[in-house]
Amino acid sequence: MSEFRLHSVWRVRKQREDQAQQHLAQAQRLQQEICSQLETEKDRLASLHTDMHHLQTKGVDPQTLQLFEHCIQSSRQYCLDLNQDLARAEVVIQERQEHLSAACREKKVVEKLHERHLERWAAEMRRAEKNLMDEIASGVVARKRVVTGEQQ
């Protein structure tokens, strides 16, 4: 079989596609991590609200209430920060999906060329086999004629 001259190009494009898949997976893991942190913080915020409400019904000193307010405000700010991080992560995921899509298209072009190369090679092999079979058949017929003494 003749060598596919673009094999090294295909290998490079395959590596780019693999790398793009890894980068996308990394961005998706980061997004999941941020979502998990956000859910944890939302639960913490809800718990703070519940605890503060219980303390208010029992009666509590102003410093404790102020401490809870600071904690709640801090937790709200952290949730806002996480939401911003999540939005940025989604943008990164979108960009990496587009990059992966482009890498797949580029690799696909070379794969199509390789398929065509294989088809041409198979056609050449079929032609060579047919020619060989024709030669063999011609030789057999010629030998039969020689053996039987027929003239052409």
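Near GLU90, once Lys and Arg are set to +1 and Asp and Glu to -1 for all other residues with Cβ below 14 Å from its Cβ, the sum equals -1.
For the chain, what does the relative contact order come out to in percent, with C-alpha contacts under 8 Å and a separation of six or more? So the answer I get is 42 percent.
Stretching ASP51 away from ARG126 to a fully extended chain increases their span by 18.8 nm, per 0.36 nm per residue minus the current alpha-carbon distance.
Could you tell me the center-to-center distance, by alpha carbons, between the range 100-116 and the range 8-34 in angstrom? Cα centres, the range 100-116 to the range 8-34: 16 Å. For the pair HIS23 and THR40, label points projected 7 Å from Cα toward Cβ lie 2.8 nm apart. For the range 1-66, with equal point scatterers placed on the C-alpha atoms only and solvent neglected, what are the log10 I(q)/I(0) values from the Debye formula at q = 0.16, 0.18, 0.25 1/Å, to two decimals? Log10 of I(q)/I(0), two decimals: -0.75, -0.80, -1.00.
The residues of the range 6-113 expose on average 69 square angstrom of accessible surface per residue, using a 1.4 Å probe on protein heavy atoms.
Answer rounded, prolate or oblate for the range 79-131, using the Cα gyration tensor with square roots of eigenvalues a ≥ b ≥ c: rounded when a/c is under 1.5, else prolate when a/b is larger than b/c, else oblate. It is prolate, given that a/c is not under 1.5 and a/b is the larger ratio.
Report in % the part of the accessible area of the chain that belongs to carbon and sulfur, leaving out ligands and nucleic acids; probe 1.4 Å. The value for the chain is 52 percent carbon and sulfur by accessible area.
In terms of overall dimensions, the C-alpha atoms belonging to the range 32-121 reach 88, 16, 11 Å along their principal axes, ordered largest to smallest. With N the number of residues in the chain, Rg(Cα) / (2.2 N^0.38 Å) evaluates to 2.44.
Counting only residues at least eight positions apart within a chain, or on another chain, the lysines with an alpha carbon under 22 Å from that of LYS112 are LYS14.
The values are calculated or read from the model by the stated rules, or taken from the named source; none is laboratory data. Since the model is a prediction, treat every value here as computed from it, not as a measurement. As a convention, Cβ positions derive from the backbone with ideal geometry for all residues, glycine included, and neighbour counts pool all protein chains shown. The protein model used for the area step is the full one, side chains on, heavy atoms only, and it has no ligands, DNA or RNA in it. Shrake-Rupley method; radii C 1.70, N 1.55, O 1.52, S 1.80 Å.
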